[in-house]
Amino acid sequence: MTNPAEFTYEMALRVRSSSRLEDAADVSDRERRVAFARLVREYAATLHGVALRLVERPTDAEDAVQETFLRAWRALDQFRREAEPRTWLFRILLNACHDRRRRRLLRRRERPAERAEPTDPAGRTSRRELVDRVFDAVDVLPRRQRECLLLRVRAGLGYEEIALLLDIGVGSVKTHLVQGRRSLVRRFGKELDA
Amino acid sequence: MRRDGHPSEADLLRRSQRLDDLLAAPHELPAGLEERLLRVPDTTRPPARAWIAAVAASLLLLAGVLALRSRETESERSSAREQTVAHTPVVPSRRARILDVLRRPTDANRAFLRTEGDRALVTLHRVARGRDTEDATAAIEHLGVLARPASLPVLVGALRRADRREPAIRALGALGDGSAAGPVAPYLADPDLFEAARDALVRVGGVDAVAALVAVLDEVEEPAALVAAIASIGDEAAAHALVRLLERPAFEDAALAALAEAKYRPALLDAARGRDAALALDAISALERLAPPEAVPALRALLADATRRGPAARALAAIDTPEAGAALLDAHGARGVREAFGRAGPGIEAGLLARLEDGDRRERRRVVGLLALCGSERSVPALLALASDRALAPEVLETLGRIGGARAVAALEELAAHSALKRPAIEALAVTRSVDAVPALVRLGTSDRQLRGPAIAALGRIPHAAAVRAILTLDGSRRTRRTTSHVLLAMDRSTVVPVLVALLEGDDAAEAAEARRWLDAVHP
């Protein structure tokens, strides 16, 4: 019996790669739960941070993350060994977010209220305010640029992983990234020098 | 930073890195979300077990539903059996049920009567003839609702009883049988039953009913309302009656208003073509007053009938469409048709002008002659263009003269510029008999000594003081004096004398002497 405290993804993958239910049943429910809990603790915040920028409402982002882990739990046995758990989770998340976006297609996108310019007499912007404004600017980027930027910078995925997730070429990923970054840098200019 | 103010590559790189730092800022999950996510395994079974559970649950649900439905069906059946046993009614006799219907006319009872149909007739007839007036009246009313021809004798018989007469009359009307008109018609004379009889006859319709209604037109207080009632019948008999009423001034307007309804149009056209000559002439007269464009083909056909040609031509002229004009033009040689052009309006004139462009010279000559009857100033440009044809010029000039008015006068003066057309143009200006032609005639008479005499003669045909003054202006030689003398003598004295008296009383002694001389000649 494996010690739950030492349970790793590799151990879980051993179970998931099995094509037979009998083999899967060999892994105890406790082991599954421990593996799932580690997935949640490691990736939930990143997934939520990305989801917030891919759907229209914070509640939708929470729902998308919850659905991601729900599907992950249900599909634990179908998870392929060759895939990274991170890529796997982001694939589920992107699908969940796209589903929500489609459902709200006819509704007007709820943009965050335009934030006021810095009120500091010296013109300095606090880091928190700047982060908020940068994310507001990310919200209005074209969809592909936004996805590439978030998956690359916020989720830390590699170009190949992003290309696989978005079903586009690696070159396109790089192009979207460059365009997205350029757009933001141009918009914030010297504010980013501080 | 570069000197030109643009960021350098290093600046851009640094900003880009700073942007990445900001975007990668740590993010905290909303409160409670992690707990909810960690509870997912507690609320969800892994898929392998889930589908087995789902199938099992579905099977259980299906079994439950089937069992419940089976129980409900059994319960309903037993309940229905109990109700059938408890509420089986005792079936009354048909007569009793019908009497019940008559006395309590509820919706259910009426429905029963409808479903009974002819099976109820015998009973209803018996009740209608029975002694009980209340039941009989109700039965008669129901016979009207059923409206079966077999009820006619019973209802006619009911007319003998004063207490059942009005419902019987209404029921006979509901039957809609033409043979009911005779028995009902006498009750038009009864003030109490007039309304019921009128309504019944209107519903019955046909020759007899219409004749009965027309017969009392002179006796009623509101004949227009009765004419409208006749009009509401809408059949051929009513149409013929309305056409004949056109000959009676008291009902003429009401009848014409009724005949204006589109439903009477076919009957009206049939009457116009029918064998009854008097009716046909009335119908054509109605068509002339209503002027429906769809009557053109029928009226065109009637132009071939010598007895109806004149009225038909007038009706076509009243319709006044290019089609009507074409129909008249095709038959213009026939007696009675040419006069109709005198009544034609702009529609027919437009048709003639169109024919003027298409036809050959013979056709044009004919059209020009007809435009003299119905043309207006709209025809002047086309006629002016046509005058270039030397063969047609005399007819054109005459037509322009008949049309008259300022535009025609101007056209004639323009044509008078051609030496060959001077005299015909002067003659045509005389035909206008319009004061508008006076200046033109003076100009023509002044311009050419040879034309002075004809101009004076033409002015003499214009009954206006301005023409008299123009004559005296043009009279200047011994040669014209005789003409002037004849013209002034031929003119109306009431036109000539005031002009001469005015000159006599004027300041110019020579004019006064001349006026005295002419006054002595005209009014010795």
(request) List, in order, the whole-Hz ³J(HN,Hα) value for each residue of segment B:122-130 obtained from phi through the Karplus relation with A = 6.51, B = -1.76, C = 1.60 and θ = phi - 60°; use x for Gly and Pro. (result) 4, 5, 5, 4, 5, 5, 5, 8, x
(request) About the Cα centre of segment B:95-204, how large is the charge dipole given +1 on each Lys and Arg Cβ and -1 on each Asp and Glu Cβ? Please answer in debye to the nearest 20. (result) 380 debye
(message) Going Cα to Cα from residue B:263, which aspartates and glutamates come in below 15 Å? Please leave out same-chain ones fewer than 8 positions away.
(response) B:235, B:236, B:294
(request) Could you work out how far helix B:206-215 tilts from the main Cα principal axis of chain B, as a 0 to 90 degree angle to the nearest 10? (result) 60 degrees
(message) Suppose each label sits 7 Å from its Cα in the direction of the beta carbon; what would the residue B:260-residue B:150 distance come out to in nanometres?
(response) 4.8 nm
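Whole-Å semi-axes of chain B's equivalent ellipsoid, largest first, each the root of 5 times a Cα gyration tensor eigenvalue?
Here the semi-axes work out to 87, 59, 22 Å.
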(message) Once you keep just the Cα pairs under 8 angstrom separated by 6 or more residues, what percentage relative contact order results for chain B?
(response) 4 percent
(message) Only four residue types carry charge here, +1 at the Cβ of Lys and Arg and -1 at the Cβ of Asp and Glu. Report the dipole size of chain B about the Cα centre in Debye, rounded to the nearest 20.
(response) 1180 debye
(message) Quick check for me: using +1 on Lys/Arg Cβ and -1 on Asp/Glu Cβ, what's the dipole size of segment B:254-366 about its Cα centre, in debye to the nearest 20?
(response) 380 debye
(message) What number do you get for segment B:95-204 when its Cα radius of gyration is normalised by 2.2 N^0.38 Å, N = residues?
(response) 1.01
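Rounded to two decimal places and with Rh computed the Kirkwood way over Cα pairs, what is Rg over Rh for segment B:366-524?
Reported Rg/Rh (Cα atoms, Kirkwood Rh): 1.04.
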(request) Would you list, by chain and number, the lysines whose Cα falls below 26 Å from the Cα of residue A:190, excluding same-chain residues fewer than 8 positions away? (result) A:174
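Where a number appears in this text, it was derived from the coordinates with a stated rule and is not lab data. Computed from a predicted structure; not experimentally measured. Ideal geometry is used to build each Cβ from the backbone, glycine not excepted, and the neighbour counts take in all protein chains shown.
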